[in-house]
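Report on the following structure.
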Amino acid sequence: MKIQGLQKMTLLDFPGKVACTVFLGGCDFRCPFCHNFELLDGSAPAVMDDEELLRFLQGRRGLLDGVAITGGEPLLRKDLPDLLRRIRALGFATKVDTNGNHPTALRQLLTEGLVDYVAMDIKNSPERYAMTVGLDALDLAPIQESVRLLMAGDVAYEFRTTVVDELHRAEDFEAMGQWIAGARAYFLQPFTDRDSVPFEGLHAPTRENLEKYASIARVYVPYTAIRGI
């Protein structure tokens with residue numbers, strides 16, 4: 001397996017764990033606010049393969065608690081389950097980030113007990129979803145199924161939304177709150193501009209608006225918090 005990036009230590013990406021973060025290329029969305037846009041088409045050069053990653057992890061036993069796998073969209077990788085099995089065999093907890101568009105692959109990870117934590121993006125209200133992920137049209141049924149799988153299961157999870165001033169309105173958080181009502185946890189994180197973001201002219205919301213949006217969502221998901229400020 002080709003691996004496009006490795007952050008050797010993080011205290012932020014895997015709640016409650018000292019972890020490393022593994023970046024896998026390839027994604028089926030084209031979100032205009034993406035921080036990892038160079039990973040989306042899968043052409044970014046690999047920094048290592050899975051064998052090199054496993055050797056790195058062997059040397060970090062006792063220092064790291066877990067491995068967070070992000071992208072891109074990790075669930076596009078057919079060999080992800082095998083990689084997770086090998087990581088877990090070394091004694092590490094595992095977390096996967098996903099856009100939720102691949103419920104069959106997610107179900108396999110949950111059923112086989114290959115993940116300890118899942119972070120799933122909720123990009124926007126249903127009516128504005130396709131626009132927010134950079135597509136002309138989008139079938140939301142797979143994403144709705146992933147929401148159902150996580151909320152009905154026993155694996156720890158969170159939903160999260162990157163909030164962009166130009167893309168999100170108060171009524172969107174009313175709709176998203178209703179969609180994921182009763183969820184375990186929901187995080188709002190403000191957009192941060194970087195050189196790797198593909199589109200110019202996007203901005204973070206004001207703190208006042210972020211707090212307003214969180215208060216709207218909190219009616220439906222009591223544990224709603226703002227992350228990153």
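Given (1) crowded, with 16+ Cβ neighbours inside 10 Å; (2) more than 16 Å from residue 31 (Cβ to Cβ); (3) free of Cβ contacts under 8 Å to residues at least 60 places away in the same chain, identify the lone condition not met by residue 190.
All conditions pass for residue 190, except number (2).
Looking at segment 53-82, which of its residues are out of contact with any strand residue (DSSP E or B) (no Cβ under 8 Å at 6 or more places or on another chain), over 13 Å from residue 20 (Cα atoms) and assigned to a helix (DSSP H, G or I)?
55, 76, 81, 82
Could you tell me whether any residue of segment 74-97 is over 24 Å from residue 131 (Cα atoms), surrounded by fewer than 14 Cβ atoms within 10 Å (Cβ to Cβ) and either aliphatic (A, V, I, L, M) or under 14 Å from the mean Cα position of the chain (by Cα) (or both)?
Yes: segment 74-97 contains one or more residues that are over 24 Å from residue 131 (Cα atoms), surrounded by fewer than 14 Cβ atoms within 10 Å (Cβ to Cβ) and either aliphatic (A, V, I, L, M) or under 14 Å from the mean Cα position of the chain (by Cα) (or both).
Might you let me know whether segment 207-224 holds any residue that is within 24 Å of residue 37 (Cα to Cα), buried (at least 17 other Cβ atoms within 10 Å of the Cβ) and in contact (Cβ under 8 Å) with a residue 12 or more places away in the chain?
no
Going through 159, 187, 199 one at a time, which residue ends up being at pLDDT below 95 and of a type in the set (Phe, Trp, Tyr)?
Working: 159 fails: at pLDDT below 95; 187 fails: at pLDDT below 95.
Every option except 199 fails the conditions.
The values are calculated or read from the model by the stated rules, or taken from the named source; none is laboratory data. Remember, it's a predicted structure, so these values are computed and weren't measured experimentally. Virtual Cβ from ideal backbone geometry, glycine too; neighbours counted across all protein chains shown.
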